[in-house]
Amino acid sequence: MKFHTTDYFKPSRPFNADDVLFTFNRMLDKDQPFRKAYPTEFPYFTDMGMDKNIAKVEKLDEHTVKFTLNDVDAAFIQNLAMSFASIQSAEYADQLLKQGKPADINQKPIGTGPFVFSKYQKDAQIRFKGNKDYWQPDDVKIDNLIFAITTDASVRMQKLKKNECQVTLFPRPADIEPLKADKNLQMPHQAGFNLGYIAYNVMDKVKGSNEPNPLAQLKVRQALDMAVDKQKIIESVYQGAGQLAVNAMPPTQWSYDSTIKDAPFDPEKAKQLLKEAGIKDGTEITLWAMPVQRPYNPNAKLMAEMLQSDWAKIGIKAKIVSYEWGEYIKRSKGGEQGAMLIGWSGDNGDPDNWLGTLYGCDAVDGNNFSKWCYKPYDDLIKQAKATPDQAKRTELYKQAQHILKEQVPITPIAHSTVYQPMSAKVKGFKISPFSLNAFYGVSVDQ
Amino acid sequence: MLSFIARRLGLLIPTFFGITLLTFALIRLIPGDPVEVMMGERRVDPEMHAQAMERLGLNKPLPAQYLDYVGKLAQGDLGESLRTRESVWREFMTLFPATLELAMAALLFAGIVGLLAGVIAALKRGSLFDHGVMGLSLAGYSMPIFWWGLILIMFFSVSLGWTPVSGRIDLLYDIEPKTGFMLIDTLLSDEEGSFKDAVMHLILPAIVLGTIPLAVIARMTRSSMLEVLREDYVRTARAKGLSPARVVFVHGLRNALIPVLTVFGLQVGTLLAGAVLTETIFSWPGIGKWLIEAIGARDYPVVQNGILLIACLVILVNFVVDILYGLANPRIRHQR
């Protein structure tokens, strides 16, 4: 397999184990020469715990490397398929060090893929050319691949309609029907590998308040959960482009337990549960609504308003709170929220990327926005992560999903359907479950 | 005249420091730091966070950070973007020609149409045309830019197919940015049809961005013209038997232009502010879009120095306008 030949780099050798060593040692070792010359952090690598878990990486021969881990990690191989672990050319890095231009590793990338970087114009476009030396030449059917940076969703759709571009992404829910009706376009779609949910802060006291937090009680969470009219939300917020979520991860994720059922929508029973929990009519909680649109939640404000009205019917007064996105995340990691809207798109297809990353005790200061640390659950997912056998892992994850459903740290709302509008002339495009846009094997009819 | 210029220059120094302090403080008042914003929903490892903050120099106390910032400014160092690690100056100079080209086209459009409409409205005071121009300019002034841009795209680009939807040039052209001004670069390139394509791309954004200045200039020209046309010297010119065109354009408009000139200067600020929205709608790669994204990403050096550079530009333009105004109107020069 060859690295790209460009006007700024001409590889003298094919891809080999030295490149893998360079890539991982750069992420592992702060004193690695390239990292010293161009200091940077590797947040995904750290977030996956790889910095702590990889003991060493060794070259066995030209085409074999050996990773030694401190602990068994069944998700390790899946994690290696994520973008941050893309292999960099050690030879190119050497050249950049000698030239004193290490920053070019980001600005002028070199890889082995089907398209070769050719030009970047800030905020305007990124141009690639088809890679004639690609190891699977049949996959390269486009000579020029251009990404036109267009941030506004309505403008993107107008460009597509006028054939100024051939593939686009993230249509607004309201645009989906008109786009489907356009004969010059096609609209492939796929159940999204994502989940939009309500996270209930289960801390005894919400940060910054001296009052006891009603959401710390299981009965209150159960009541709120069964008072949510999910079907209505799917119709209004997702405008039909969503699938009702029951579980804490999407049904396409292996180890998903399809025997788990939602508590039936039952406001009367919810009122009863609140009474048993000693919650007075008109009790106030905060409901945080995201200020941004995400694939898992196209309109958090509307969703919050619908939840507010659902919960008002059982006597819970939800005060909608919203902050600028950076602030929203920071404050909620600190635990200032009551109930909050959030979600996740899968990174790598491993169940731990949901059940561990979002609801595990290790994530309480991070993505575990419920601040829910429940030992029986945590023991199961830790054990599963250290179990290499997939059948055994599946069993453990299924048990964990049952516990999670019973303890209600979250109410799953929906998995949004991903729509990818494109010209009818585009052939061979596949929607990636990981929200990537890959152009392997894609062609455009003239 | 020299003391007038010196007085004006003297005012620039505190203004300049005021801006540095304001931008420095404002961006830091928005909660969340660059590392946290970059991580979004993900967990931020405290150790990695501390490392990154140290590398970016953001772990020091605020007064020390401000002194660092001003110290670097004094040496002409605008720092580098936290996200792209490119020098802020280089990024600004890459993107600024796009904004300048758009702003100049918008000002040209607003100036020509605004002056003409204002003069005719003044001459035909009370007529249907006059009421029409004033009504339209009020509507133009109050129009939300975002909505106006999308309406024009839907009508001219999608329904009629006359203009392209967005961008500076069709993606089929690969124009080497030599000057950064697309109109000039396309003329220098040998790609056939690229200049015309660049002009077509410029039309809608220039109209959208020029709408508010157009409205202001038309109204200002009208009222200033009406005042001048009532002056004794205009009556004298008419009595001398000069042609109506000469009376209007030489004796009338020339004098009526003095207040309009100030408005032109003030509109530079409006244009740069409007560019933020216009560039977002039309995917125009200029400094407006750049700053919006930098604010979202808490890219402190870009926000601080980007705003500083724009502020300097606005100050400079208004300074030049002040001087021109002083030259044209001696009464201003002698005021203390």
Taking 10 °C and 1.306 mPa s as the conditions, I'd like the Stokes-Einstein D for the range A:278-318 in µm²/s, using the Kirkwood hydrodynamic radius from alpha carbon pairs.
144 µm²/s
Per-residue mean of C-beta atoms belonging to partner chains within 10 Å, peptide A:150-162:
6
Take the alpha-carbon centre of the range B:83-139, take the same for the range A:174-235, and report the distance between them in whole Å.
45 Å
Phi angles of the range B:112-121, converted by Karplus (6.51 cos²θ - 1.76 cosθ + 1.60, θ = phi - 60°) into ³J(HN,Hα) in whole Hz with x for Gly and Pro, give 5, 5, x, 4, 4, 4, x, 5, 5, 4
Those cysteines in chain A that have no second cysteine Cβ within a distance under 4.7 Å are A:CYS165
Positive-end residue of B:THR270, B:ASN255, B:ALA237, charge dipole of chain B with Cβ unit charges:
B:ALA237
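Would you compute, from DSSP H runs of 4+ residues alone, the mean residue ellipticity of the protein assembly as shown at 222 nm, taking -39500 (n - 2.57) per run and dividing by the full residue count, rounded to the nearest 500?
Per the formula, -15000 deg cm²/dmol.
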From phi via Karplus (6.51, -1.76, 1.60), per-residue ³J(HN,Hα) for the range A:74-84 in Hz, x at Gly/Pro
5, 8, 4, 4, 4, 4, 5, 7, 7, 4, 5
Show the residues, 5+ positions off or on another chain, whose built amide H is closer than 5 Å to the amide H of A:GLN125.
A:ILE149
For the protein assembly as shown, what is the charge dipole size about the Cα centre, in debye to the nearest 20, if Lys and Arg each add +1 at the Cβ and Asp and Glu each add -1 at the Cβ?
2620 debye
Starting from the Cα-Cα distance between B:ASN59 and B:MET104, subtract it from 0.36 nm times their residue separation and give me the gain in nm to one decimal.
12.0 nm
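Among rounded, prolate and oblate, which fits the range B:190-242 when a ≥ b ≥ c are the square roots of the eigenvalues of its C-alpha gyration tensor, a/c under 1.5 means rounded, and a/b larger than b/c means prolate?
Cα axes put the range B:190-242 in the oblate bin.
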Check: C-alpha center the range A:123-166 vs C-alpha center the range B:170-248, spacing in Å is 35 Å
Pairing the Cα long axis of helix A:390-407 with the longest principal axis of chain A, what angle in degrees results, from 0 to 90 and rounded to the nearest 10?
40 degrees
Across 5 Å bins beginning at 0, the whole-percent shares of Cα-Cα pair distances in the range A:171-282 come to 2, 9, 14, 16, 15, 14, 12, 8, 5, 3, 2, 1
Tilt of helix A:300-312 relative to the longest C-alpha principal axis of chain A, in degrees (0 to 90, nearest 10)?
20 degrees
Expressed as cubic angstrom per residue, what is the convex hull volume of the alpha carbon set of chain B?
196 Å³
Partner lysines for A:LYS313 [C-alpha distance under 23 Å; skip if fewer than 8 residues away on the same chain]:
A:LYS219, A:LYS230, A:LYS232, A:LYS269, A:LYS271, A:LYS275, A:LYS280, A:LYS301
So, R0 is 25 Å and r is the distance between the beta-carbons of B:PHE16 and B:ARG83; what FRET efficiency does that work out to, to 0.05?
0.45
Average partner chain C-beta neighbours within 10 Å, per residue of B:168-177?
3
One finds the C-alpha centres of the range A:402-416 and the range B:296-317 to be spaced, in Å, by 46 Å
Starting from the Cα of A:LYS52, draw a straight line to each of the lysines and keep only those under 26 Å, dropping any in the same chain fewer than 8 residues away.
A:LYS30, A:LYS36, A:LYS66, A:LYS330, A:LYS333, A:LYS371, A:LYS375, A:LYS382, A:LYS385, A:LYS392
Helix A:17-28: angle to the longest alpha-carbon principal axis of chain A, degrees 0 to 90, nearest 10?
40 degrees
Order of B:ILE112, B:ILE13 from fewest to most other C-beta atoms within 10 Å?
B:ILE13, B:ILE112
Measuring from its Cα centre, chain B shows a charge dipole (+1 at each Lys and Arg Cβ, -1 at each Asp and Glu Cβ) which, in debye to the nearest 20, is 2060 debye
Once both label points are put 7 Å beyond Cα along the C-beta direction, the B:MET1-A:ASN53 separation in nm becomes 7.6 nm
When the charge dipole of the range A:6-86 is computed with +1 at the Cβ of Lys and Arg and -1 at the Cβ of Asp and Glu, the Cα pointing farthest to the positive end, of A:TYR38, A:THR68, A:PHE15, is that of A:TYR38
Kirkwood Rh and Cα Rg combined as Rg over Rh, evaluated for the protein assembly as shown:
1.01
What one gets for the range A:404-446 as the Kirkwood radius, inverse of mean 1/r over different Cα pairs in Å, is 13.5 Å
Assertion target for B:PHE282, B:PHE146, ordered by fewest C-beta neighbours within 10 angstrom first, is B:PHE146, B:PHE282
Residue-by-residue Karplus 3J(HN,Hα) for the range A:255-261, coefficients 6.51, -1.76, 1.60, Hz, glycine and proline x
6, 4, 9, 7, 7, 6, 10
About the Cα centre of the range B:103-208, how large is the charge dipole given +1 on each Lys and Arg Cβ and -1 on each Asp and Glu Cβ? Please answer in debye to the nearest 20.
720 debye
Place the peptides A:309-318, A:330-339, B:188-197 in order of packing, highest mean first, counting for every residue the other Cβ atoms within 10 Å and averaging per peptide.
A:330-339, A:309-318, B:188-197
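Taking the Cβ of each residue in B:MET38, A:MET249 as the centre, tally the other Cβ atoms inside 10 Å and list the residues starting with the fewest.
By the 10 Å Cβ count, ascending: B:MET38, A:MET249.
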Binned at 10 Å from 0, what are the whole-percent values of the Cα-Cα distance distribution for chain A, short to long?
4, 18, 25, 25, 19, 8, 2, 0
Mind checking which of B:LEU160, A:HIS4, B:LEU56 is farthest towards the positive end of the protein assembly as shown's charge dipole, using Cβ charges of +1 (Lys, Arg) and -1 (Asp, Glu) about the Cα centre?
B:LEU160
Debye intensity ratio in log₁₀ form over the Cα atoms of the range B:237-336, taken at each q of 0.09, 0.11 Å⁻¹
-0.41, -0.54
For the range A:38-81, just say rounded, prolate or oblate: build the C-alpha gyration tensor, square-root its eigenvalues into a ≥ b ≥ c, call rounded for a/c under 1.5, and beyond that prolate if a/b exceeds b/c, oblate if not.
oblate
Where in the range A:1-30 is the amide nitrogen less than 17 Å from a point lying 7 Å along the Cα-to-Cβ axis of A:GLN99?
A:3-13
Tensor-based shape of the range A:290-446 (alpha-carbon gyration tensor, a/c under 1.5 rounded, otherwise prolate or oblate)
oblate
Which aspartates and glutamates, if any, have their Cα less than 17 Å from the Cα of A:LYS101, not counting same-chain residues under 8 positions apart?
A:ASP7, A:GLU91, B:GLU80, B:GLU86
Given backbone amide H placed at 1.01 Å from N, residues whose amide H is under 5 Å from that of A:GLN243, ignoring those fewer than 5 places away on the same chain, are A:HIS415, A:SER416, A:THR417
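We did not get these values from a lab; they are worked out from the coordinates using the rules stated. Computed from a prediction, not measured in an experiment: that's the story for all the values here. Quick reminder, even Gly has a Cβ in these numbers, built from the backbone with ideal geometry, and neighbours come from all protein chains shown.
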